[in-house]
1. Output yes when any residue across the range 83-102 is at pLDDT 95 or above, open to solvent by less than 10 Å² (accessible area, probe 1.4 Å) and assigned to a loop (DSSP other than H, G, I, E, B), and no when none is.
2. For the range 179-192, how many residues are touching a residue at least 24 places away in the same chain (Cβ under 8 Å) and either aliphatic (A, V, I, L, M) or touching a strand residue (DSSP E or B) at 6+ places or on another chain (Cβ under 9 Å) (or both)?
3. What number of residues within the range 104-151 are open to solvent by 60 Å² or more (accessible area, probe 1.4 Å), among the acidic types (Asp, Glu) and either farther than 22 Å from residue 205 by Cα or touching a residue at least 40 places away in the same chain (Cβ under 8 Å) (or both)?
4. Hey, does the range 303-320 have a residue that's closer than 19 Å to residue 42 by Cβ, aliphatic (A, V, I, L, M), surrounded by fewer than 24 Cβ atoms within 10 Å (Cβ to Cβ) and at pLDDT 95 or above?
5. Is it the case that the range 261-276 has a residue that's open to solvent by 10 Å² or more (accessible area, probe 1.4 Å) and among the charged types (D, E, K, R)?
6. Identify, by number, the condition in (1) modelled with pLDDT of 90 or more; (2) open to solvent by less than 10 Å² (accessible area, probe 1.4 Å) that residue 16 doesn't meet.
7. For the range 233-246, what are the residues that are open to solvent by 30 Å² or more (accessible area, probe 1.4 Å) and within 12 Å of residue 63 (Cα to Cα)?
8. I need the full set of residues from the range 24-60 which are at negative phi, small (Gly, Ala, Ser) and open to solvent by less than 70 Å² (accessible area, probe 1.4 Å), in order please.
Amino acid sequence: MPNDHDSHLDALLTKMKSAASPLRDTLRELHSKYQSAGEGKVADYIPELANADPDWFGISVVSVDRRKIKVGESDQPFTIQSVSKPFVFGMALEDHGREEVLEKIGVQPIGEAFNSITLDETSNRPFNPMINAGAIAATDLIAGKDFPDRVRRMLAMFRRYCGREVFVDNSVFSSERATGHRNRAIAHLMLNFGMLSDRLEDTLELYFQQCSIMITAKDLAVMGATLANGGVNPLTGERALDAEYVKDLLSVMQTCGMYDYAGEWAYRVGIPAKSGVGGGIVAVVPGQVGIGTFSPPLDMKGNSVRGIKACQDLAEQFGLHVFNADGCRDSLLSQFNPNGSN
């Protein structure tokens, strides 16, 4: 017999199939509700990020059966920043396998800032791949015959997730490289303890480029839908990640993806997600949809203020929390227009 969660998701599908597309109305209501929110501050520790318009706000949802809805500035390009971390972690898993990667990077949440200079001295590895130390270690594991080949492979990986060609914003990359002293310090400390290879400078260059890739809220929704769809991009049919590693990404996103707000996110929203200081959030409802939000003003922990509010409202309205046992949940998939045109 179907359980409450199945009934909820079926109802969401029904709304998505409705010719009137109720989900579009819901997203428009959320956009209007939080557009005027004056909380948060645009990141400025990377100088180029300070140029973002604080009024930008986009929400996009893409289903595993190719339907898509977007509102607001969902096509506004911005840099992916830390949202890149789970996807690069997935690439490291494909290149080296789960056990070898776990020898280099832990999966333990920590209640500290994403850029903290904190390492697990007991296991001689960074705590998890969602903080900068672990993300740099994951980038270090990207294989390639030389530096250009590693860049090419990384960009090709993100292309498979987004379903389109992606590129690095050179102005943000130059800004990150010029001001990334803390990341360099973290990397040199890890090198000292044998946590990184001796190609440290190339790895840092690759990490700065990784964070400077230009995407949109719509792209984030497609990337989330790809994870929701077992690693296959629902719009292109191309596999972006081996199916066996999808749960690895979703697990660390669920426990570590929202900086040191991760515990409260898991409590209040309850779905795998990853944020970035560029203002993006990608969230995943496994087997159903990917959600992408974009709004540059951040809270004190580095998460998009409007993005968190929008995701929390969606989770509450449609019962998306993974542990939700309420029998009156309403499936997101049911909110889409059946012909995919929303």
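The values are calculated or read from the model by the stated rules, or taken from the named source; none is laboratory data. Remember, predicted model here, so these are calculated numbers, not experimental data. Using ideal geometry, Cβ is built from the backbone for each residue, glycine included, and neighbour counts are taken over all protein chains shown. Side chains are part of the model used for accessible areas, which takes the heavy atoms of the whole protein and leaves out ligands, DNA and RNA. Shrake-Rupley method; radii C 1.70, N 1.55, O 1.52, S 1.80 Å.
1. Within the range 83-102, not a single residue is at pLDDT 95 or above, open to solvent by less than 10 Å² (accessible area, probe 1.4 Å) and assigned to a loop (DSSP other than H, G, I, E, B).
2. Residues flagged as touching a residue at least 24 places away in the same chain (Cβ under 8 Å) and either aliphatic (A, V, I, L, M) or touching a strand residue (DSSP E or B) at 6+ places or on another chain (Cβ under 9 Å) (or both) within the range 179-192 amount to 5.
3. Within the range 104-151, residues that are open to solvent by 60 Å² or more (accessible area, probe 1.4 Å), among the acidic types (Asp, Glu) and either farther than 22 Å from residue 205 by Cα or touching a residue at least 40 places away in the same chain (Cβ under 8 Å) (or both) number 2.
4. Yes - at least one qualifying residue is present in the range 303-320.
5. So far as the range 261-276 goes, yes, one or more of its residues are open to solvent by 10 Å² or more (accessible area, probe 1.4 Å) and among the charged types (D, E, K, R).
6. (1)
7. Passing the criteria: only 235.
8. 37, 43, 50, 52, 58, 60
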